[in-house]
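Novice: Structure below; questions to follow.
The values are calculated or read from the model by the stated rules, or taken from the named source; none is laboratory data. Everything numeric here is computed off the predicted structure, so don't read it as measured data. All Cβ positions, glycine included, derive from the backbone under ideal geometry; neighbour counts span all protein chains shown. SASA here: full protein model, heavy atoms, side chains in, ligands and nucleic acids out. Shrake-Rupley method; radii C 1.70, N 1.55, O 1.52, S 1.80 Å.
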Amino acid sequence: MDVRRELGIRPVINARSYSTKLGGAPMLPEVLEAMRQIADVCVRMDELQDAASRIITEATGAEAGIVTSGAAAGLTLAAAAAIAGLDVTRMNRLPDTSGVPCEIVLHRSHRNDYDHSLRAAGARLVEVGYSYYTFPYEVEQAIGENTAALYYQAGGAGMAIPFPEFVQIAHRHGKPVIVDAAAELPPAGRLRSYIAAGADMVTFSGGKHLRGPQSTGILCGRADLILSAALQHQDMDVFPHSWPLRRLIADGRLAGPPHHGLGRGFKVGKEEIAGLMTALLMYPDRDFQAELDGWRRDMECIAAAATAAGVAASVRFPQDSGRTVPQAVIGVDAASAGMTANDVINALQEGEPRIFVFEQLGDQGTIVFMPEALKAGDADLIATRLRRILEQRS
């Protein structure tokens, strides 16, 4: 059966990076094979997560880790772990945080759509500083008796206190630091750098540069906090005297097993865990230079097609954020070109094959093409379509 035909799905060309709304990037064949191998067996999910933790620990330098249903889910679980710790009554109450320290301190410049994931756990966000500058004392004075954690958006826009100094302030007050590093790969070294710099919990996307299943992520960090996150994530249809993890009760770490937690809806299947761990094991052996060279060729191919009047093209590397991924940036002067950037974006989306680009800057006359999810030959197809669209309007 051809499932795409059965569902009536038309594949698209994704020049928008590892975009979730476009299904992310194609998975590696070895990842698909790992998912197939584990699909027809039953396993204890806590044991599978323990095995994943050993691989995550080796890859990141963290004390422990779990596979989550995406980096956003990892942020919610991280916030829940910081708020509840190993207090099962607090776990059972979340997201009700009345009377419980639940504030998370963060730079105002690091506010973004994804911090809703923190608030979903019942956290209250406390902003400090301004987009153009934040003083260390502002972070220091925002920490109080209701503070549960501090949050840092890796690669965030605006000015922020250097991460090592941010960590020092948090740890001076005994508070954990949560880092959102969902899209910070490449370079590959960032898998370890945040933990090495003192982060207590870090979340990465599993479906971006790691090339695992799109709906996966990694949450890694301090063992006690990862245990809390895992307990609020796993199937807790268990009973004290037969729970395989009843040692946690016997040694006094838990008063008893918690009920299904805040993260129960973030269930990760055994296939996703096996797929992501296969991708993570393969990650150090990938030829990143060859990947980068291919990305550059693709972006140069697309930029070379934008030669019409009123259109300017360049390949930007590294990105303004510092990410070491090239982009083809097309500027459209509507008055000279006879069309707007949004006209071009819509024509690409509505043609055949359908091509999707980073459209956020369309109102500013800019179209951005990203290479990470492109397959062999896609750049040539994009260049042909782009050239035809520009020629029709010029």
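Novice: Per residue, what volume in Å³ does the convex hull of the Cα atoms of segment 1-111 enclose?
Specialist: Numbers: hull volume 24.6 nm³, N = 111.
It comes to 222 Å³ per residue, whole-number rounded.
Novice: May I pose another question? Whole Å is fine, so just give me how far the alpha carbon centre of segment 173-221 lies from that of segment 44-89.
Specialist: One Cα centre to the other: 11 Å.
Novice: To the nearest 10 square angstrom, what accessible area does Leu381 show with a 1.4 Å probe?
Specialist: Per-residue accessible area (Leu381): approximately 80 Å².
Novice: For segment 252-394, just run the numbers: alpha carbon Rg, then divide by 2.2 N^0.38 Å, N being how many residues it has.
Specialist: Working: Rg = 21.1 Å, N = 143, 2.2 N^0.38 = 14.5 Å.
My calculation over the Cα atoms of segment 252-394 gives 1.45.
Novice: While we're here: Taking amide H atoms as placed 1.01 Å from N in the peptide plane, list the residues 5 or more away in sequence, or in a different chain, whose amide H sits under 5 Å from that of Ser17.
Specialist: Placed amide hydrogens put Met370, Glu372, Ala373 under 5 Å from Ser17.
Novice: Specify the inter-centroid distance of segment 109-137 and segment 231-252, based on alpha-carbon positions, in whole Å.
Specialist: Between the Cα centres of segment 109-137 and segment 231-252 lies a distance of 34 Å.
Novice: Note down, for segment 234-331, the three equivalent ellipsoid semi-axes (square root of 5 times each alpha carbon gyration tensor eigenvalue), biggest first, whole angstrom.
Specialist: Numbers: eigenvalues 538, 55, 30 Å².
Values for segment 234-331, descending: 52, 17, 12 Å.
Novice: Taking the square root of 5 times each eigenvalue of the Cα gyration tensor, what semi-axes in Å does the equivalent ellipsoid of segment 128-211 have, largest first?
Specialist: On the way: eigenvalues 115, 42, 22 Å².
Those come to 24, 14, 10 Å.
Novice: Mean separation of Cα pairs under 8 Å and 6+ residues apart, divided by the residue count of segment 66-214: what relative contact order is that in percent?
Specialist: Working: 253 pairs, mean separation 35.4, N = 149.
Computed over segment 66-214, the figure is 24 percent.
Novice: While we're looking at this one, here's another question. Can you compute the helix-only [θ] at 222 nm over the chain? Use -39500 (n - 2.57) per DSSP H run of at least 4 residues, normalise by all residues, nearest 500 deg cm²/dmol.
Specialist: -11000 deg cm²/dmol
Novice: Tilt of helix 29-39 relative to the longest C-alpha principal axis of the chain, in degrees (0 to 90, nearest 10)?
Specialist: Compared with the principal axis, the helix lies near 40 degrees.
Novice: If you don't mind, another one. So what are the ³J(HN,Hα) numbers for segment 234-246, from phi and the Karplus equation (6.51, -1.76, 1.60; θ = phi - 60°), rounded to whole Hz, Gly and Pro as x?
Specialist: 7, 5, 10, 7, 9, 9, x, 8, 10, 5, x, 9, 5
Novice: OK, next. With the full set of protein chains in place, find how many percent of the accessible area of segment 147-200 is carbon and sulfur; take the probe as 1.4 Å. Don't jump to the answer; show the numbers that get you there.
Specialist: Working: 1090 of 1920 Å².
Exposed carbon and sulfur together represent 57 percent of the surface.
Novice: Return one number: the angle in degrees, 0 to 90 and rounded to the nearest 10, between the long axis of the Cα atoms of helix 288-304 and the longest principal axis of the Cα atoms of the chain.
Specialist: 40
Novice: Further question on the same structure: Would you work out if segment 182-270 is rounded, prolate or oblate? Take a ≥ b ≥ c from the square roots of the eigenvalues of the alpha-carbon gyration tensor; rounded if a/c is under 1.5, else prolate when a/b is larger than b/c, oblate otherwise.
Specialist: On the way: a/c = 3.44, a/b = 1.78, b/c = 1.93.
Oblate.
Novice: Here is a follow-up. Highest mean first, what order results for 15-25, 80-90 on Cβ atoms within 10 Å? Could you put the intermediate results ahead of the total?
Specialist: Values: 15-25: 19.3, 80-90: 23.0.
Packing proxy ranking, top to bottom: 80-90, 15-25.
Novice: Let me ask you something else. Apply the Karplus curve 6.51 cos²θ - 1.76 cosθ + 1.60, θ = phi - 60°, to the phi angles in segment 314-325 and return the couplings in whole Hz, x for Gly and Pro.
Specialist: With coefficients 6.51, -1.76 and 1.60, one gets 8, 9, 9, 7, x, 6, 4, 6, x, 4, 8, 10 Hz.
Novice: Given (i) 0.97; (ii) 1.13; (iii) 1.07, which label gives Cα Rg over 2.2 N^0.38 Å as computed from the coordinates?
Specialist: (iii)
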